Amino acid sequence: MDRVDSSLIALRRILRATELFGRDLKQSAGVTAVQFRVLQIIAEAGQATAKEISLRMRVSQATVTSLVDKLVREGMVLREKSARDRRQTNIHITPKGRQTLSDAPDPLQQRFVRKFSALADWEQSMLVASLERVAEMLDADEMDASPVLDSGDFKHATD
């Protein structure tokens with residue numbers, strides 16, 4: 001098998017793994033991988049603002065608002081005006097949101113982080129450079145993307 005085929009197969013395996021994980025997560029926890037990441041960020045401190053979430057995930061505040069709207073409808077988070085600054089809205093995780101986090105399968109990106117962190121520094125650098133090069137080759141190097149392994153785009157992630 002030549003290198004082109006090997007590369008395309010590896011890319012397809014990555015896409016398939018994220019697709020299967022996303023399906024499992026949606027079925028078992030009722031949220032997409034991106035929604036799950038929003039819950040994780042909010043749960044870290046018990047609350048967060050849309051701006052904090054958008055900065056952490058490197059997506060627009062409009063995207064975060066859409067994701068949070070869905071989580072509010074599902075009763076996993078709630079919005080509350082800040083006591084310190086009435087112009088600011090804090091997003092709090094609810095008991096249902098915490099339960100969703102605890103019931104969900106091990107997130108794919110956390111498995112990746114554990115294994116990636118165990119690599120030698122030179123291996124990490126090589127992988128980052130290679131992945132950035134692949135993104136560039138696919139004209140995806142400037143796309144809005146968060147550090148969440150999910151095969152869907154953000155429009156579908158909010159559904």
Lys and Arg at +1, Asp and Glu at -1: neighbours of Glu44 with Cβ under 15 Å from its Cβ sum to +2
About the Cα centre of the stretch 1-148, how large is the charge dipole given +1 on each Lys and Arg Cβ and -1 on each Asp and Glu Cβ? Please answer in debye to the nearest 20.
740
Which trypsin sites (Lys or Arg not before Pro) does the stretch 58-110 hold that lie in a coil by DSSP with at most 15 other beta carbons within 10 Å?
Arg58, Arg84, Arg86, Arg87
Rounded to the nearest 500 deg cm²/dmol, what is the calculated helix-only ellipticity per residue at 222 nm for the chain, with -39500 (n - 2.57) per DSSP H run of length n ≥ 4?
-20000 deg cm²/dmol
Please give every one of the lysines within straight-line cross-link reach of Lys70, meaning a C-alpha to C-alpha distance under 22 Å, and leave out same-chain neighbours fewer than 8 residues apart.
Lys26, Lys51, Lys81, Lys96, Lys155
Once normalised by the length of the stretch 1-146, the mean sequence separation of its alpha carbon contacts under 8 Å that are 6 or more apart gives a contact order in percent of 24
For an R0 of 41 angstrom, estimate the FRET efficiency from the Cβ-Cβ distance between Trp122 and Lys51 and round to the nearest 0.05.
0.70
Mean Kyte-Doolittle of at least -1.0 plus a Cα span of 27 Å or more along the axis: flag which DSSP H helices in the chain meet both, please.
3-29
Would you mind getting me the FRET efficiency between Arg98 and Ala10? Use the beta-carbon distance for r and R0 = 35 Å, nearest 0.05.
0.45
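Bear in mind that the values in this text are calculations on the coordinates, not laboratory data. The structure presented is a predicted model; accordingly, all values stated were derived computationally and were not measured. Reconstructed Cβ throughout: ideal geometry from the backbone, glycine too, with neighbour counts over all protein chains shown.
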